[in-house]
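Visitor: Supplied in structure tokens, the structure appears directly below.
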Amino acid sequence: MLHSFSSLHRFSLLFMASKPQRLHQIAGTNFQSSAKRVRTMATSSAIEPAMKDAFARYAEYLNDLNDKRERVVKASRDVTMNSKKVIFQVHRMSKYNKVEVLEKAEKDLAAVTDQYISRLVKELQGTDFWKLRRAYSPGIQEYVEAATFCGFCKNGTLLKLDEINKTLLPLSDPSHQPLQINVLDYLLGVADLTGELMRLAIGRISDGELEFAEKICRFVRDIYRELTLVVPHLDDNSDMKTKMDIILQSVMKIENACFSVHVRGSEYIPLLGSNDPSSFLVGVPDIEL
């Protein structure tokens, strides 16, 4: 009994002796935790305004970019609409008014460049023309189509990308990276060109210009052959693959029309009022296209 009491007494003394030390350790731990919380709160209060400022700048940048995208889309629509007018002007061409029609078309194309492409150039300063390509690509493709259409009807050759981009350089601010049409938009515009050439060829056959129609046929066939070599190597070629089928259809329509003229040539009669026996009225209504 006495032994048990003495043991309990020694344990109590030991506990009493170690308790102040443990209390000191607990108090120190609590103090350190409090100090960490104070430092964390101070750091958070310092970071929070900086984060707000950063996100405010990001929001302002995105809002400005969205506003610019809307303006670019509007300018692209204007380029598309006025480029179509140039194409319609070229389709008025015949062997009697070729010079006058092409001069008017070139003036209209220059007006599109000065009035509407210049608006795109002003909006797309620096690297914005890469970020917003999807917004203005349809207008650029139509512009390429109109420019190459005029070039072929005047010179019989395909207007090159470098030649088109060269005309855009004077529109850009020398202190900024100039707007340059990329290869994909150029090829997409050339693909659309083949459809207009098909319509032109059919019209030339109706006017008795079979030789010109055959020249168009060879030209469109060459475009299709060259594009079949290029398209598989394009990174973004989904649109081009769709247009390749349309180009092939255009080639077949021109070939069928020219073939029908050669095969059924005896059915064509001389033009009324013409003394030239080599002139033919190529207007058979059941030509298969």
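Visitor: Going down the list K52/K74; K122/K241; K84/K166, which pairs span over 25 Å between their C-alpha atoms?
Guide: On the way: K52/K74 33 Å; K122/K241 32 Å; K84/K166 22 Å.
Beyond 25 Å between Cα atoms: K52/K74; K122/K241.
Visitor: Counting Lys +1, Arg +1, Asp -1, Glu -1, what net charge surrounds L109 among other residues with beta carbon under 12 Å of its beta carbon?
Guide: Values: positive: K84, K85, K104, K107, K154; negative: E103, E106, D108, D114, E142, E145.
Counting the neighbours of L109, the net charge comes to -1.
Visitor: Taking a ≥ b ≥ c as the square roots of the Cα gyration tensor eigenvalues, with a/c under 1.5 meaning rounded and otherwise prolate when a/b beats b/c, else oblate, which class fits segment 49-181?
Guide: Values: a/c = 3.59, a/b = 2.65, b/c = 1.35.
Prolate shape, in that a/c is at least 1.5 and a/b is the bigger ratio.
Visitor: Roughly how many nanometres apart are two label points built 7 Å out from the Cα toward the Cβ at D162 and H262?
Guide: Spacing of the two 7 Å Cα→Cβ label points: 3.6 nm.
Visitor: Name the long-range amide H neighbours of L179: under 5 Å, sequence gap of 5 or more, or other chain; modelled H, no Pro or chain starts.
Guide: Long-range HN contacts for L179: none found.
Visitor: Further, regarding this structure: If you add up the charges near L171, with Lys and Arg at +1 and Asp and Glu at -1, over every other residue whose beta carbon is less than 12 angstrom from its beta carbon, what do you get? Don't jump to the answer; show the numbers that get you there.
Guide: Values: positive: R119, K122, K166; negative: D114, E123, D173.
Residues near L171 contribute 0 overall.
Laboratory data are not the source of any read-out in this text; all were calculated from the coordinates shown. Computed from a predicted model, the values in this text were never measured in an experiment. Neighbour counts run over all protein chains shown; Cβ positions are idealised from the backbone, glycine included.
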